[in-house]
Amino acid sequence: MAKEGAQRAEETEQMIEKEGGREAAEGGAAGSLRAGDAKEMRAVVLSAFGGLNKLRVSKKAMPEPQEGELKIRVKACGLNFIDLMVRQGNIDNPPKTPLVPGFECSGIVEALGDSVKGFEIGDRVMAFVNYNAWAEVVCTPVEFVYKIPDDMSFSEAAAFPMNFVTAYMMLFEVANLREGMSVLVHSAGGGVGQAVAQLCSTIPNVTVFGTASSFKHEAIKNSVTHLFDRNADYVQEVKRISTDGVDIVLDCLCGENTGKGLSLLKPLGTYILYGSSNMVTGETKSFFSFAKSWWQVEKVNPIKLYEENKVIAGFSLLNLLFKQNRGGLIKGVMDKLLNLYTSKKIKPVVDSLWALEEVKEAMQRIHDRGNIGKLILDVEKAPTPLMANDSTETSEAGEEEEDHEGDNENKERMPFIQ
């Protein structure tokens, strides 16, 4: 641990001294992109809404912190399903392009804006960013920045905020998870799914039902109590084990799963919609697929909810942060989560690391539902060819229309965190 701490301290000093002038030492293709004006940086740019070909790594002017902001030299960035939705323009009031995607990152504090307190240059941090995270440097308000524990890596830190805050808020703030309750979570092998499973394990006697693609079962079987193939009739499987159903349903799929989830709720149970990944079936936006999925959503009858004593809710972390100004609430949640991390009760699951130049391949892996845990963009990683025996079945279109019929066992729908 001491050796690792010394290495991180030396790394921090080098980062601050060089401030982006690292290209000579790093060399290679990435180094050549960084050469030249020290006020420029590399960033992933979405030139227009659409397919993977709309993404590229380009030079952009380096931002400087405004009042109340921190400037962060980025080490790693999180990649989430919402980033696919952004790329397609499949979100409410999408920003104008070109834009730099990404909502979370980790790195080292490089400069402080006026009136910033509680942080120093050289601090290791993770942060939420309202776009622009996929770059070598970002600036974000201090209320969205959190210090990284000494034993947490930058890749783990980039995998931490979105997944664990989402999972915690749904379980404890919305659904009031308590001892002896039961939870059904879809995409149990994904970043949020694994965070949900870990947080449930901190409460005594919580039963976790999970759905996931069959090829992921061996890797995640110990994280949930009962694991089902995502293409199987999980409603009947759950009722076979628990005739009354479950207390909490966490739905990142939407479509036909909405009605199934509501049917599984016990009296006083809570159904939470936090995503709609069934709406994404290809590389580009498809109105037919979108309409087809929405047509399968069961219409919610308030009178029926009243009669059955059921609760239906929704959760959007980014809206809570950036539109509804609940940064203080999220900071309190982050403090609790970091305490759980330092006590070794939770730990982010990182699926794989990708260079900025490999963002298309990384997005394809999410399209194909091939990941277990979180995909991370490593800003300092040099691009490498994809492994020939990679577990992902990649296709440029990433189409999944047949998933509903259960003939594709190598894909799992990932959460859409908005």
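The values are calculated or read from the model by the stated rules, or taken from the named source; none is laboratory data. This structure is a prediction, so every number in the text was calculated from the model and none was measured. So basically every Cβ, Gly included, is an ideal-geometry build from the backbone, and we count neighbours across all protein chains shown. SASA here: full protein model, heavy atoms, side chains in, ligands and nucleic acids out. Shrake-Rupley method; radii C 1.70, N 1.55, O 1.52, S 1.80 Å.
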Restricting the range 229-251 to residues that are assigned to a strand (DSSP E or B) and open to solvent by 20 Å² or more (accessible area, probe 1.4 Å), the residue that is nearest to LEU265 (Cα to Cα): ASP247
Residue in the range 194-213 that is more than 25 Å from ARG124 (Cα to Cα), β-branched (Val, Ile, Thr) and modelled with pLDDT under 95 present: yes
Single residue of the range 298-346 satisfying the filter (of a type in the set (S, T, N, Q) and open to solvent by less than 70 Å² (accessible area, probe 1.4 Å)) that is farthest from LEU262 (Cα to Cα): SER343
Of the criteria (1) over 13 Å from LYS75 (Cβ atoms); (2) outside any loop (DSSP other than H, G, I, E, B), which one THR97 fails: (2)
Tabulated pairs, the range 229-244, first over 12 Å from PHE209 (Cα atoms), second open to solvent by 40 Å² or more (accessible area, probe 1.4 Å) and outside any loop (DSSP other than H, G, I, E, B), C-beta under 6 angstrom, 6+ apart or interchain: ASP244/LYS266
Candidate set from the range 108-125 (those that are on the phi > 0 side of the Ramachandran plot and of a type outside the set (S, T, N, Q)); member that is least open to solvent (accessible area, probe 1.4 Å): GLY122
Test result for VAL174, touching a strand residue (DSSP E or B) at 6+ places or on another chain (Cβ under 6 Å), open to solvent by 20 Å² or more (accessible area, probe 1.4 Å) and farther than 19 Å from VAL238 by Cα: yes
Matching option when the condition is farther than 26 Å from LEU375 by Cα and aliphatic (A, V, I, L, M), among ALA43, ALA48, ALA111: ALA111
Looking only at the range 126-149, and only at residues there that are open to solvent by 30 Å² or more (accessible area, probe 1.4 Å) and either outside any strand (DSSP E or B) or of a type in the set (Ser, Thr, Tyr) (or both), the one that is nearest to GLY327 (Cα to Cα): GLU143
In the range 319-353, the residues that are within 15 Å of the chain's Cα centre (by Cα) and outside any helix (DSSP H, G or I): LYS347, PRO348, VAL349, VAL350, ASP351, SER352, LEU353
Unmet requirement for SER187, which otherwise passes all of (1) open to solvent by 30 Å² or more (accessible area, probe 1.4 Å); (2) within 14 Å of VAL224 (Cβ to Cβ); (3) of a type in the set (Ser, Thr, Tyr); (4) in contact with a helix residue (DSSP H, G or I) (Cβ under 7 Å, 6 or more places away or on another chain): (1)
Subset tally (residues that are touching a strand residue (DSSP E or B) at 6+ places or on another chain (Cβ under 7 Å) and open to solvent by 20 Å² or more (accessible area, probe 1.4 Å)) for the range 207-228: 7
